[in-house]
Amino acid sequence: MTFEYADRIKRLPPYLFAELEKLTREKKICGIDLISLSVGDPDLPPPPFIIESLKKEVGDLKNHNYSFSQGEPDFREAVTAWCKKRFNVDLNQDQVVALLGSKEGIANVARAFINSGDRVLVPDPAYPVYAQGSTILCDGITVPMPLLEENDFKPDFDAVKTDNAKMMFLNYPNNPTAATVDKKFLKEAVDFAIDNNLMLCYDNAYSEVTYDGYRAPSILEVDGAMDVAIEFHSLSKTFNMTGDRIGFAVGNKQLVTGLTKVKTQIDSGPPVYTQKVAVKALSSYRSREAPDFLKQNNQTLQERRDLLVNTLCKLGYEVEKPKATFYVWVNCKCDSMEFVAKLLDVGVAVTPGDGFGKCGEGYARITFTQPKERIVEACNRIAMAF
């Protein structure tokens, strides 16, 4: 017996990172020592206090019951306190919803507000979930906003066609380009959303992974943002907890409430013990400044970044050192897949830029989420390939 997929599933392209995982497994089965610089999964462990807290909270039998749909009260209180300390943004608990990682919230927010045929403004290139997991799975229509190198990988709002658009996704620090923005740009984005009656979904998952003194802002710091914006955060990148699936969304109360209504029909929220650990994690911030363990994490990543970028520059690629994320966005000077294939031949896996959208063609995303010695080996292999 065969079953037919729904039309919305047929419209989905293959999920980029699932394909990369399959390729990596196949290479390993063949005995190839493949160095994966393709998936943004930190190799560094969570800080020791997170591990100790996890052991404690898992051992508390009360923490194995269902959570509140919107999140545990102490978790939401910790989120509001963190947003105040980190961004000087005032929130109440009704403006917070706990997520199974920010990816889940990004995918579900469109379910609350997007009807069949509604248009959604999506950056190109971009994290695929905006267009696929969120828009297409709601039968919405994606309207690409090109992120071009000549515009510092920011959308040109004057050129964006907003006819019948209801929602806009933005993400800075950016995946895949590693571009960063300041509050001036965020103010332009908020004004654009207000002028065009758009819901603004701001993915700020990389706000804490920064270098060279840069500190990423929250869009909620901008005047008017609370009227139109919902911001997504994740503990995955900040605390090296990608597998623990814990994040949150904050901002406009109606947008948070809509997302919460969807979640009550789909999931029961993150486990209570995970939320308890997240409270401990968020409480490690004493001020706007990053806690010591995060400074050490970022220093390690910065050293890897410098090593990778310096190697690419010596090979003739014009690559700037990113101020945030753990990605380097490389102009390949050739077809994206041709570049990726050359590196695969020497046992290095990177991500083709066109997997993030048409405007990613001619680029590749390289991560530095491997130990330094593996980065050194990868750099040696990259030099061999070219």
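The values are calculated or read from the model by the stated rules, or taken from the named source; none is laboratory data. Source: prediction; values computed, not measured. Virtual Cβ from ideal backbone geometry, glycine too; neighbours counted across all protein chains shown.
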By residue number, the members of region 340-374 that are surrounded by 22 or more Cβ atoms within 10 Å (Cβ to Cβ) and assigned to a helix (DSSP H, G or I) are 340, 343, 353, 355, 356, 360
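Restricting to region 265-296, count the residues that are farther than 25 Å from residue 61 by Cβ and touching a residue at least 12 places away in the same chain (Cβ under 8 Å).
9
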Is it fair to say residue 90 is out of contact with any Gly (no Cβ under 8 Å at 6 or more places or on another chain), in a loop (DSSP other than H, G, I, E, B) and assigned by TED's automatic domain parsing to the domain that holds residue 257? yes
Here's a check for you: in region 246-290, which residue that is of a type outside the set (Val, Ile, Thr) and assigned to a strand (DSSP E or B) is farthest from residue 98 (Cα to Cα)? 251
For region 161-191 the number of residues that are closer than 16 Å to residue 226 by Cβ and out of contact with any strand residue (DSSP E or B) (no Cβ under 7 Å at 6 or more places or on another chain) is 4
Step by step: first the residues of region 130-159, then only those that are assigned to a loop (DSSP other than H, G, I, E, B) and surrounded by 22 or more Cβ atoms within 10 Å (Cβ to Cβ), then the one that is farthest from the chain's Cα centre (by Cα). Which residue is that? 140
Subset of region 32-74 (residues that are in contact with a Phe, Trp or Tyr (Cβ under 8 Å, 6 or more places away or on another chain), assigned to a helix (DSSP H, G or I) and surrounded by 18 or more Cβ atoms within 10 Å (Cβ to Cβ)): 50, 54, 57, 63
Surrounded by fewer than 15 Cβ atoms within 10 Å (Cβ to Cβ) and at pLDDT 95 or above - does that describe any residue in region 227-240? yes
Name the residues in region 291-326 that are over 22 Å from the mean Cα position of the chain (by Cα) and assigned to a loop (DSSP other than H, G, I, E, B), would you? 315, 316, 317, 318
Can you confirm whether region 27-37 contains a residue that is at pLDDT 95 or above, closer than 29 Å to residue 175 by Cα and among the basic types (Lys, Arg)? no
Residue among 278, 290 that is crowded, with 19+ Cβ neighbours inside 10 Å and at pLDDT below 95: 290
Matching residues in region 252-284 - criterion: being hydroxyl-bearing (Ser, Thr, Tyr) and farther than 17 Å from residue 48 by Cβ: 257, 260, 264, 268, 273, 274
